[in-house]
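For reference, the structure is listed below as C-alpha cells.
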Amino acid sequence: MKIPSIPLELTQNVQKHNLDLAYILPNIAACSAPTDKKVKKLYQNSLKTLCGVLNENHGKHNWMIVNLRTEKYGYDPKLVEVYGGLFEYRPFLDNNAIPLDEFIDTIHFIDQFMAADNRRAVIVHCRHGKGRTGSLIVGYIMYKYGVSFDKANTLFVKRRKIYRHGVSVPSQVRYLRYYEGLLNSSELRATYIRLREVPIKIKVQKLVVHNLNKKYSLGTLGIQCQTFADHGASLVLVSKLKDRKADKGEKADVVDLICIPSKKAYCESPEISFQLTMRMNSLTVFMLWFFVNCYLENIMSFDNSQTIGSIKQEEMNIDIPWERMDGYRGSNGRGYRFFDSVSVTLEMI
C-alpha cells in the first residue's frame, strides 16, 4: 500500500495559525503539548487554536487527541470535547521505551478509531512531540503500510521537520525493531503471543560491566533493575545489584565488574530495565539505562538450526554496547566512555 501525501489545505491551515502541528499522514498528526494557560501560549500551542484548526481540517467530532504524557495533562482534557473533539489518555514515561503490549494495543486502538469513518483523524502528542509520539506514529506507519522501521522513521523526520533525527532514543529504537520483527514473522508473533499467555518468571542472575576503568570500579557505580508498572506510566524496583567482584579486563587499567543481586531477583514481566549511575564525590557523573523485552530477546536469539516455536529455558545473555544505552534524558549524550558494554545473564523459569 502506497503511503499517501499530505493535502495542501491541511498544512495551509496549520501555517496560518503558526502551530507546531505536523501531518505525518493525512489522518495522523504530531504536535508538542498544547496548553490552556494564557501565560504559556507565547511558546506553546494554544489548545483552543489547535482544536479550531482540527475542526476546520476534519470537522467537529471527527478527530481525537491522544495524550501520551505522564508528567501532567498540560490542559483540562474536558476542554477538548468542549472545543469539538475527542480525548484519549495513554500515559507513558518520558525518555523511555513504551511497553510492547501497550504499544501494540495503542496502535490497534488508533487504527480501529479511524477505520470506523474515513473522515476521522488522530493527533498524538507527548511533551515535545518527538520520542513517545514518534515511536507511536512510526509504529503505526509500519503496521498500516508494511514498511520497515528505517523507512517509517525517515518519513517521520521528513514530515516532522522541527526535529532532524526522528525516533533516536536507543531503547525506543530497540522496541521498534522488536515490533518490526513481529510484523515480519507470523511464527515469531505466534510464539510471542503464546508466551504472554503462560506465566514465566525472569530471574536476574548477574550483570557484567565490561572493561570498566579500574579507578571507578568499586563503590562508585550503582545499578538498579526495574520493570514497568501502571501500563508503562511508572517504573518499580526489582532489585539493586550490590554484591560485586572485579575480574581482569582486556587491558591492565580496566576490569570486568561482575554485579549480582544481593537477594533473589525475580520479575513477572518480560520488560526489564537496568539503570547504571556513576557517582564521584557525591556528584552524578552519568546515568545510563536500557530497556529490553526478554521474551523477544530470547526468541530472536535462535539460530537457523533451531525452531522458533519454543523458548529456551536455560540461561540467556543480553549484550548492550555503550552506544546502545540511553543517555541523559533519553539523548545520545552519554558523556565520557567509562566502559565498553554490559552483558546481563537472565533465566526464564
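The values are calculated or read from the model by the stated rules, or taken from the named source; none is laboratory data. Keep in mind the model is a prediction, meaning the values are calculated, not measured. Using ideal geometry, Cβ is built from the backbone for each residue, glycine included, and neighbour counts are taken over all protein chains shown.
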Run down 147, 198, 157, 238 and say which single residue is of a type in the set (A, V, I, L, M) and in contact with a strand residue (DSSP E or B) (Cβ under 9 Å, 6 or more places away or on another chain). 238
Residue that is surrounded by the most Cβ atoms within 10 Å (Cβ to Cβ) [pool: residues in the range 318-349 that are more than 17 Å from residue 212 (Cβ to Cβ), out of contact with any Lys or Arg (no Cβ under 8 Å at 6 or more places or on another chain) and modelled with pLDDT of 90 or more]: 326
Just give me the residues in the range 91-129 being touching a residue at least 40 places away in the same chain (Cβ under 8 Å), closer than 21 Å to residue 273 by Cβ and of a type in the set (D, E, K, R), in sequence order. 94, 101, 102, 127
Can you tell me how many residues in the range 67-85 are of a type outside the set (Ser, Thr, Tyr), within 24 Å of residue 115 (Cα to Cα) and in contact with a helix residue (DSSP H, G or I) (Cβ under 7 Å, 6 or more places away or on another chain)? 4
Assess whether residue 118 counts as being assigned to a loop (DSSP other than H, G, I, E, B) and over 30 Å from residue 226 (Cβ atoms). yes
Those residues that are crowded, with 21+ Cβ neighbours inside 10 Å and either in contact with a strand residue (DSSP E or B) (Cβ under 7 Å, 6 or more places away or on another chain) or more than 24 Å from residue 91 (Cα to Cα) (or both), I need them from the range 115-133; list them, please. 121, 122, 123, 124, 125, 126, 129, 132, 133
Hey, among the residues in the range 72-96 that are touching a Pro at 6+ places or on another chain (Cβ under 9 Å) and modelled with pLDDT under 95, which one's surrounded by the fewest Cβ atoms within 10 Å (Cβ to Cβ)? 74
Test for residue 137: is it modelled with pLDDT of 95 or more, part of a helix (DSSP H, G or I), surrounded by 23 or more Cβ atoms within 10 Å (Cβ to Cβ) and in contact with a helix residue (DSSP H, G or I) (Cβ under 9 Å, 6 or more places away or on another chain): yes
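Each row is one residue, and each column tells you yes or no for (1) modelled with pLDDT of 90 or more; (2) surrounded by fewer than 19 Cβ atoms within 10 Å (Cβ to Cβ); (3) out of contact with any strand residue (DSSP E or B) (no Cβ under 8 Å at 6 or more places or on another chain); (4) over 30 Å from residue 31 (Cβ atoms).
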position: 177; (1), (2), (3), (4): yes, yes, yes, no
position: 185; (1), (2), (3), (4): yes, yes, yes, yes
position: 213; (1), (2), (3), (4): no, yes, no, yes
position: 221; (1), (2), (3), (4): no, no, no, yes
Conditions first: (1) part of a loop (DSSP other than H, G, I, E, B); (2) closer than 15 Å to residue 23 by Cβ; (3) in contact with a Ser or Thr (Cβ under 6 Å, 6 or more places away or on another chain). Residue 124 passes all but one, so which condition is the exception? (1)
Name the residues in the range 140-158 that are in contact (Cβ under 8 Å) with a residue 60 or more places away in the chain and either assigned to a helix (DSSP H, G or I) or touching an Asp or Glu at 6+ places or on another chain (Cβ under 6 Å) (or both), would you? 140, 141, 144, 145, 155, 156
Based on this model, can you work out whether residue 100 counts as more than 30 Å from residue 18 (Cα to Cα) and under 17 Å from the mean Cα position of the chain (by Cα)? yes
